[in-house]
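Below: the structure, in structure tokens.
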Amino acid sequence: MPLIDPVTMSAINPASQSAPAKTSSPIELLPNDLARIISQVHPVLLLSAYYLRFPSFVADPIPTLLSSLLPLAIIQAAYAALCLPATGSNAKAVKRGKLNGAKKIGDAPSANAFTLLFSFVLSLLSTPVLAGLQILFGAPITTHLPHTLLSSAHLALLTVFPLVYVHGSDGKKWREIASLHSPIDEVFGGAVGCFLGAWLGAVPIPLDWDREWQKWPVTIVTGAYAGYVLGKMVGSWLLKGRRIEFD
Amino acid sequence: MVQAKVPKAAPGNYNSIAAQYARAKAIKDAEEVAKLAKKAPKEKTPADDLDEWKKGRFVREWWWVAGAFMWFLFIHGSGLYFFTRGFLLTRLVLEEKSSCSEPPIALSSSFKGAGTIEGGCWHPKTFDKAVVVIIDALRYDFTIPSNDTEAFHNALPFLYETAISQPQNAFLLPFIADPPTTTLQRLKGLTTGTLPTFIDAGSNFAGTAIEEDNLLMQMKDVGKRIVHLGDDTWTALFPGYFEANISRAYDSLNVYDLHTLDNGVVEHIMPLLSPERKGEWDVMFAHFLGVDHAGHRYGPNHPAMTTKLQQMDGVLRDLVATLDDNTLLAVMGDHGMDGKGDHGGESDDEIQAALWMYSKRGIFGRTDPAYITPPATAKIRPVNQIDLVPTLALLLGLPIPFNNLGKPIEEAFAGKKGNVWGNLAAIARMTAAGIKRYQAAYYVARGLDESTIEGSPHALWATAEKAVAGNGKDKMWKEGYAAFSAFQEETLRICRELWARFDVPKMMLGVGILAASVVALVLFANWNAEDEAAVDDPELDIAESKLELESFSKGTLTSEDETSAKSFIRGALIGMMLGAASSPTIWIASGGADTFVDFGLAVGSISGIVGVFYQELRRRMEFSNPFPRTLWGWLAVIFTITQSIGFASNSYTIWEDSILLFFISTFGVATATSSLRLEKNSERALGVYHSLCFIALGWIASFSKLCREEQMPYCRSTYYASATSSTSAPWQLLIPFLLAALLPSIIKSYYASSRSYEGFAPVWIGWAFRSGLVLSAVFWTLDAADDGEWLPTLPTGLLKNIRIPIAQTVFAVSIVVGTIAFNYAPPCISVRTSATQAPTAKVTSPNATVTILGFANTHGTRYFLLLTNILLAVLMVQKPMGAGAIALMAWQILSLLEIIDLNSLASSPIGPVILALLGSFHFFKTGHQTTLSSIQWESAFIPLHTIRYPYSPLLVALNSFGAQILAAAAVPLIVLWKQKPKKKGILRSVISALAWHIAYYAVISLATTMWAGHLRRHLMLYRIFCPKFMTAAVVMLVVDVVGIVVALVGVRCNSMAIGEVFGWG
């Protein structure tokens, strides 16, 4: 009389915890000097631009966040186009993106342009999702909605944009990314760093220091930028190829 | 078969219902046993013997475990006791009031109009009007000349100048505050004349208003019109006392603003002093805060302080210029400030304020000509701040407030020449008699015999009475005055010793014991945590049990300790015995300084802890890496530690609820991420679904808010109908009905996922639990109808008479019937047998397939029945909004259990810690804050008409800490959920989880204790840190008790019941 419940036996089995097959490998930069240089200039550019805009950001968050979206998009697009292998491009042997599956080989520039556009669209689409996540973490819902949405747009351009550019819309890969199990490289590392930084950015908000910069969402966005740059550098150098393990 | 009748229960009487249930149950049990006995006359097999043996082992083990947790409770209580003894100052508040016509002792000489306010109640009246000016944090050395060039010196010379140049019009004295030197406590002292403490254990915790007899109350009672200008602390302490149109209160907490308040006071005070408007008031209180704020913001040695003091100097000169003959002016600091400009503690700089009194009439005197020069330091001829109370009362002809412990200030009554000893003796005698009357009343209220109090000043009183009994010679009066003053000083000394002293060594001892208990808890939890993943192989299990049976029948099976509880207890006991043996030596060595009970408790706690540590050291030869090994362990540590550190800051303490939501959401995102790594699609989907569910439910609950004052204006209360009411909005009444409709079904869906909605579950969850919820909803509707007078035609009290039995029935169902039902309930399983002719089986023996539905979650689903009982009881005492939050919490717990199971986290500390976070979070969502004023006292009256002990305090505790109680009761589920019968090592895993859970609260409690002790001079101590410390301490003790009484006892019942059916693992 085997005492087995067919419904839930499987849930008890600890073996089901094992990670997805580790077939993916970290992203490499495009193999040319320009890519290497731009990749180093990119964080400096981001941080100095952020530093310059910071006073006006604190004084007037919405217009500043809005007006800096386009420059940020241009910086990210240039960085992606010049440094990163587009999804399905010849830098990778296998075409995995559904997106470029039908594209002809040798059509690289227009394909890249299309990938850029596609990345922008997905970043835009992911903005409300990220805003929802911020709200679930305790961001105000009845007020400050433009603030939250705009800060999410910045988060999306920093993280979702390069990720989509290099990985396309491959479901399996995205599951790996969402489960934080992708091998660390500068794109994934930057994204993780960005979210961790935004998470830590909430820390100074409650303090009663009465500083202007404590207002929503200044600290979050600051944390995100700092975390992005830090994560990108650590990901491209210190922890490259490693994976985040929970257990 | 035995025929038995069950008498009908009296409706509404829960005792009767319970008894009926028990009788019916007993009969049913008897029937079943009889049936079983008839069907299968059982023979005892070796396997049964082994089962018996295992059961005995479990029971023994359980007692050791319970002992270990009781020891933790004891140690926590002991640590908190010592800290509290050193930290919290308690005093009973008496309700008696002085009255004009009843002096505490017969007047020694009669005067015209004695006993009336026109002539003076207990002493001839000197002034009709008074202006009392408080310059917050006016330290004594700010007012006297100094040779150095510090910014705070020589900036306010007016007081000193007048005292020297017009000694009959003015005097300046050091004015010593009693710690705690915070404004609120000081104002209590300055108006009641008694020593302020944090807890004035009076009839009403909820308000900050002073209920004791005080100067303002006496003024109001005789019809004096009081004006207040400045610090709004006054309006909190004396609501409704002040003339509404001419009083002006300003926010007192914005220490960055040095001028708004002061300028506002100046702007309003001068017009009121003008001859035209003098008739509008009798007594004026003006409270300036600029000096204090300059100290807090810049420290005393800053140009801003000079400016501020100079401004005050000018203001006082202007005041004096406009004063008339019939008005007394008193200027004082309520406390001083330390070197950094802060205050709250008991250092010299903090307690040394200044007092200056002025009158145009020139009635002040000195008993010694040398006294004309104000003292050079605050150590010389100081007066106590409470001395102001009898002084002002007697000068204005008012009765001295009942609680006064101060004595009249000599300079104000000594006469111009300083030799009116008869007058001095009379006022000293009157004041001393008042003090004596208060002391007698206090000892009666405390139930103490006054004569047993050491150093009782009875003898001094007798001497003083004898001294004034003779004829009225000046020498006699002088002696009498001295003797009555000595009586007052001695009484004050005794009271001060009793009420107002931080005892730092005791506080340190308490913190040390708590810290050691945290270490012991973590070691205990770590040792009992399951290290390796259990192999789940039925064949191996069978082989193993065969082997076990074999060695058992040979008699070689030895009982190994499953948990470390036994050796733990042994360590504690040996340690305590050694401590007890050596205690006489220590007692003598320490000089027997303390009471014997305290000493015994300290030695017992410390030696027990030492014993436990020794045992732990012996057990594990090496110490493994103390840091967590998984990300989950790290998360648990980060959540606990960062929060503990945050409690050192008032901001993080104020916003604790938001921080908890942040952590809870973080955990949900982490588990969603982790669930995405699961191989099976179905499990992955479930894991993500439950994680998102967990986050969303917490977020929805976060809309239930009761804001504390400090959160304004960034918070909007939603718990009640409006910010100024404590009743629910009509739409909130829908919540309990929604719960009755949905909550049982939600629980059912979690049972159904493991096919466990079988056996007793449908009856209890679908029927009894739901009925309880419906009754609770009806109760709250009736309550709202009563509050809102929806049915004005009904006789008063009818609705109350209906709803109270309803609440009693719900408690009867959840606690009495629920406990019995849980104890006897069969597992939530059902056996289906289908006889099938298997093709391979032999024709002669038909193969029967037996399916046990709900087998895989036998432990969890049965234990959860206990949780529904607790849930029902907690839901009953919450207001509709709070009930919604608790229901969301229950749902979150269910999701958490699924998440823990799917991600195999049952042995990680993260599960118990998240449960603790949930408990802490929903504490706020059920309309509470870590302030005394947020306690919902009215919950004591939900099932009762009057206060009844011990039920009323228990009900308030159930209301206040319902969330934490529910969380603690749910801890075993972390281990038991999705656990099949005969699982080995369950108790061990449960106590590890429980220890982790308690460890969270112990760390929080330790941290808040340390911060409260460390920040005992902080401006916000009594508003923020002390209430947080008290909440954390009470929560820890409540969780300790619930851990033993509910969780451990529940696991015992559960394991016994399941072992009975399936055998022991």
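The values are calculated or read from the model by the stated rules, or taken from the named source; none is laboratory data. Note that the structure is a prediction, hence the values are computed from the model and not measured. No Cβ is skipped: glycine too gets one built from the backbone with ideal geometry, and neighbour counts run over all protein chains shown.
See the values below:
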read-out: Index of the failed condition, B:VAL265 passing every other in (1) in contact (Cβ under 8 Å) with a residue 24 or more places away in the chain; (2) surrounded by fewer than 21 Cβ atoms within 10 Å (Cβ to Cβ); (3) more than 29 Å from B:THR149 (Cα to Cα); value: (2)
read-out: B:SER649 vs. criteria touching a Pro at 6+ places or on another chain (Cβ under 9 Å), among the hydroxyl-bearing types (Ser, Thr, Tyr) and either over 22 Å from B:HIS922 (Cβ atoms) or free of Cβ contacts under 8 Å to residues at least 40 places away in the same chain (or both); value: yes
read-out: Enumerated helices (runs of 4 or more DSSP H) restricted to region A:142-226, each holding at least 3 residues that are modelled with pLDDT of 95 or more and within 14 Å of chain B (Cβ to nearest Cβ); value: A:186-200
read-out: Condition met for A:LEU30 (more than 14 Å from chain B (Cβ to nearest Cβ), at pLDDT 95 or above and either outside any helix (DSSP H, G or I) or buried (at least 18 other Cβ atoms within 10 Å of the Cβ) (or both)); value: no
read-out: Qualifying residue in region B:269-276 (condition: of a type outside the set (A, V, I, L, M), in a helix (DSSP H, G or I) and surrounded by fewer than 19 Cβ atoms within 10 Å (Cβ to Cβ)); value: yes
read-out: Any hit, region B:679-688, residues being surrounded by 17 or more Cβ atoms within 10 Å (Cβ to Cβ), under 28 Å from A:TRP174 (Cβ atoms), within 14 Å of chain A (Cβ to nearest Cβ) and without any contact (Cβ under 8 Å) to a residue 24 or more places away in the chain; value: yes
read-out: Unique residue being free of Cβ contacts under 8 Å to residues at least 12 places away in the same chain, within 14 Å of chain A (Cβ to nearest Cβ) and part of a helix (DSSP H, G or I) when the list is B:ILE664, B:ILE638; value: B:ILE638
read-out: Boolean, B:SER834 is outside any helix (DSSP H, G or I), in contact with a Ser or Thr (Cβ under 9 Å, 6 or more places away or on another chain) and either at pLDDT 95 or above or small (Gly, Ala, Ser) (or both); value: yes
read-out: Unique match (being in contact (Cβ under 8 Å) with a residue 40 or more places away in the chain and either touching a Pro at 6+ places or on another chain (Cβ under 9 Å) or assigned to a helix (DSSP H, G or I) (or both)) among A:ALA49, A:ALA73; value: A:ALA73
read-out: Failed condition for B:LEU697, given (1) surrounded by 21 or more Cβ atoms within 10 Å (Cβ to Cβ); (2) touching a Gly at 6+ places or on another chain (Cβ under 7 Å); (3) modelled with pLDDT of 90 or more; value: (2)
read-out: Pair list, Cβ < 6 Å and 6+ apart or interchain, from region A:230-247 residues that are within 14 Å of chain B (Cβ to nearest Cβ) to residues that are part of a helix (DSSP H, G or I); value: A:PHE246/B:LEU631; A:PHE246/B:SER674
read-out: Checking B:GLY766 against (1) assigned to a helix (DSSP H, G or I); (2) out of contact with any Leu (no Cβ under 7 Å at 6 or more places or on another chain); (3) buried (at least 19 other Cβ atoms within 10 Å of the Cβ), the condition it does not meet; value: (3)
read-out: Which listed residue is in contact (Cβ under 8 Å) with a residue 40 or more places away in the chain, part of a helix (DSSP H, G or I) and more than 13 Å from every other protein chain (Cβ to nearest Cβ), from B:SER644, B:SER691, B:SER704; value: B:SER644
read-out: Residue within region B:989-999 that is in contact (Cβ under 8 Å) with a residue 40 or more places away in the chain and over 30 Å from B:CYS828 (Cα atoms) present; value: yes
read-out: Those residues of region B:1007-1020 which are within 22 Å of B:LYS506 (Cβ to Cβ) and surrounded by fewer than 23 Cβ atoms within 10 Å (Cβ to Cβ), in sequence order; value: B:MET1010, B:GLY1013, B:HIS1014, B:LEU1015, B:ARG1016, B:ARG1017, B:HIS1018
read-out: Hits in region B:141-159 - residues which are under 46 Å from the mean Cα position of the chain (by Cα) and part of a helix (DSSP H, G or I); value: B:ASP141, B:PHE142, B:LEU159
read-out: All positions within region B:942-980 that are touching a helix residue (DSSP H, G or I) at 6+ places or on another chain (Cβ under 7 Å) and assigned to a loop (DSSP other than H, G, I, E, B); value: B:ILE942, B:PRO943, B:LEU944, B:HIS945, B:ILE947, B:PHE961, B:TRP977, B:LYS978, B:GLN979, B:LYS980
read-out: Members of region B:218-233 that are buried (at least 20 other Cβ atoms within 10 Å of the Cβ), modelled with pLDDT of 90 or more and in a helix (DSSP H, G or I); value: B:GLN218, B:MET219
read-out: Yes/no for B:ASP349 being surrounded by fewer than 22 Cβ atoms within 10 Å (Cβ to Cβ), part of a loop (DSSP other than H, G, I, E, B) and in contact with a Lys or Arg (Cβ under 8 Å, 6 or more places away or on another chain); value: no
read-out: Qualifying residue in region B:867-878 (condition: out of contact with any Ser or Thr (no Cβ under 9 Å at 6 or more places or on another chain), away from chain A (no Cβ under 14 Å) and either part of a helix (DSSP H, G or I) or farther than 17 Å from B:ALA993 by Cα (or both)); value: yes
read-out: Considering residues of region B:669-678 that are without any contact (Cβ under 8 Å) to a residue 60 or more places away in the chain and part of a helix (DSSP H, G or I) only, the residue nearest to the other protein chains (Cβ to nearest Cβ); value: B:THR673
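Condition check ((1) modelled with pLDDT of 85 or more; (2) in contact with a helix residue (DSSP H, G or I) (Cβ under 9 Å, 6 or more places away or on another chain); (3) of a type in the set (Phe, Trp, Tyr); (4) assigned to a helix (DSSP H, G or I)) across all residues:
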position: B:THR563; (1), (2), (3), (4): no, yes, no, no
position: B:GLY571; (1), (2), (3), (4): yes, yes, no, yes
position: B:ILE574; (1), (2), (3), (4): yes, yes, no, yes
position: B:GLY600; (1), (2), (3), (4): no, yes, no, yes
position: B:VAL610; (1), (2), (3), (4): yes, yes, no, yes
position: B:GLN615; (1), (2), (3), (4): no, yes, no, yes
position: B:MET621; (1), (2), (3), (4): no, no, no, no
position: B:ASN625; (1), (2), (3), (4): no, no, no, no
position: B:PRO628; (1), (2), (3), (4): no, yes, no, no
